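Engineer: One structure coming up, written as structure tokens, with questions to follow.
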Amino acid sequence: HVTDIRIADRVIGRSGRTLTEEWDGSPRAYRGTTVPGFPNLFFLVGPNTGLGHNSMVLMIEAQVGHVVQALDAMSAAGYGVLEPRADVQAAYNAELQAELAKTVWSTGGCSSWYLDAEGRNTTLWPGFTFTYMRRMKRFRLSEYVVQPRLREREPAVS
């Protein structure tokens, strides 16, 4: 059940839909960590970050560093909400699927447990861990939709 992300039934986004409903059997996330329409949701070991050839610790460390950069950027700029732009996520996932189409998991009629109901590999990272780590090294606020932090209410004086 590697494509069934169980927590997805419990995570509700801006539209009132769960991640399970949003994904409709084919999980996708930007850089394996964030999803449009799900503000301030950060995954570790999300879609397309799995490995079959190396230690997941490298992937997790890259994700943690990226999330910390995101939280630091939010704090410094006074943002209270952050989520990836839908167009950025779509382009990222199209690139991943194009890379994955060349792999043994997707060619030659392979029927793999890594493939979801649509036949897409939404589990594995298609390349080297150092490539993922390099991509995650720098957080780019321009790839996200942000909203300012809401002001805290003044306590009522009685």
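The values are calculated or read from the model by the stated rules, or taken from the named source; none is laboratory data. Keep in mind that this is a model prediction, so the values were computed, not measured. Because the Cβ atoms are built from the backbone with ideal geometry, glycine has one as well, and the counts that use them run over all protein chains shown. Ligands, DNA and RNA are excluded from the accessible area calculation, which covers all protein heavy atoms including side chains. Shrake-Rupley method; radii C 1.70, N 1.55, O 1.52, S 1.80 Å.
Engineer: With contacts defined as alpha carbon pairs under 8 Å and 6 or more residues apart, what's the relative contact order of region 91-152 in percent?
Structural biologist: So the answer I get is 22 percent.
Engineer: What is the distance, in nm, between label points placed 7 Å from the Cα along the Cα-to-Cβ direction at V2 and at E95?
Structural biologist: Taking the simple label geometry, V2 and E95 are separated by 2.3 nm.
Engineer: Can you give the local net charge around L82? Use residues other than it whose beta-carbon is closer than 14 angstrom to its beta-carbon, Lys and Arg +1, Asp and Glu -1.
Structural biologist: Every neighbour counted, the sum reads +2.
Engineer: Now for a different question. I need two numbers for region 79-158: Rg to one decimal and Dmax as a whole number, Cα atoms only, in Å.
Structural biologist: Computed over the Cα atoms of region 79-158, radius of gyration and Dmax are 19.7, 74 Å.
Engineer: Turning to a different aspect of this structure: If you average the C-alpha positions of region 64-99 and of region 6-58 separately, how far apart do those two centres end up, in angstrom?
Structural biologist: Here the answer is 12 Å between Cα centres.
Engineer: With N residues in region 1-83, what two-decimal value do you get for its Cα radius of gyration over 2.2 N^0.38 Å?
Structural biologist: 1.15
Engineer: Then there is this: Evaluate the relative contact order of the chain (contact order divided by residue number), counting alpha-carbon pairs under 8 angstrom at least 6 apart; express in whole percent.
Structural biologist: Rounded, it is 29 percent for the chain.
Engineer: Quick one: grab the alpha carbon gyration tensor of region 55-108, order the square roots of its eigenvalues as a ≥ b ≥ c, and give me rounded if a/c is under 1.5, else prolate or oblate depending on whether a/b is larger than b/c.
Structural biologist: In terms of gyration-tensor shape, oblate.
Engineer: Sticking with this structure for a sec: Of all the accessible heavy-atom surface of the chain, with the other protein chains kept in place and a 1.4 Å probe, what percent is carbon and sulfur?
Structural biologist: 55 percent
Engineer: Please check: in the Gaussian network model of the chain (C-alpha springs, under 10 Å), which one of L58, L96, L19 has the largest mean-square fluctuation.
Structural biologist: L58
Engineer: Moving on. From the convex hull of the Cα coordinates of the chain, what is the mean projected area in square nanometres?
Structural biologist: 11.1 nm²
Engineer: Please list D24, D116 in order of solvent-accessible area, largest first, computed with a 1.4 Å probe with all protein chains present.
Structural biologist: D24, D116
Engineer: Taking the chain as a Gaussian network, Cα atoms linked when under 10 Å apart, which of N48, N40, N121 shows the biggest mean-square fluctuation?
Structural biologist: Ranking N48, N40, N121 by mean-square fluctuation puts N40 first.
Engineer: At 1.4 Å probe size, with every protein chain present, just tell me what the per residue accessible area of the chain comes to in Å².
Structural biologist: 59 Å²
Engineer: Right, something else. Enumerate the amide H contacts of Y79 below 5 Å, restricted to partners 5 or more residues apart or on another chain; note that Pro and chain-start residues carry no placed amide H.
Structural biologist: So Y79 has HN proximity to R149.
Engineer: According to a simple spin-label model (label point 7 Å from Cα along Cα-to-Cβ), what is the distance in nm between E61 and K102?
Structural biologist: 2.7 nm
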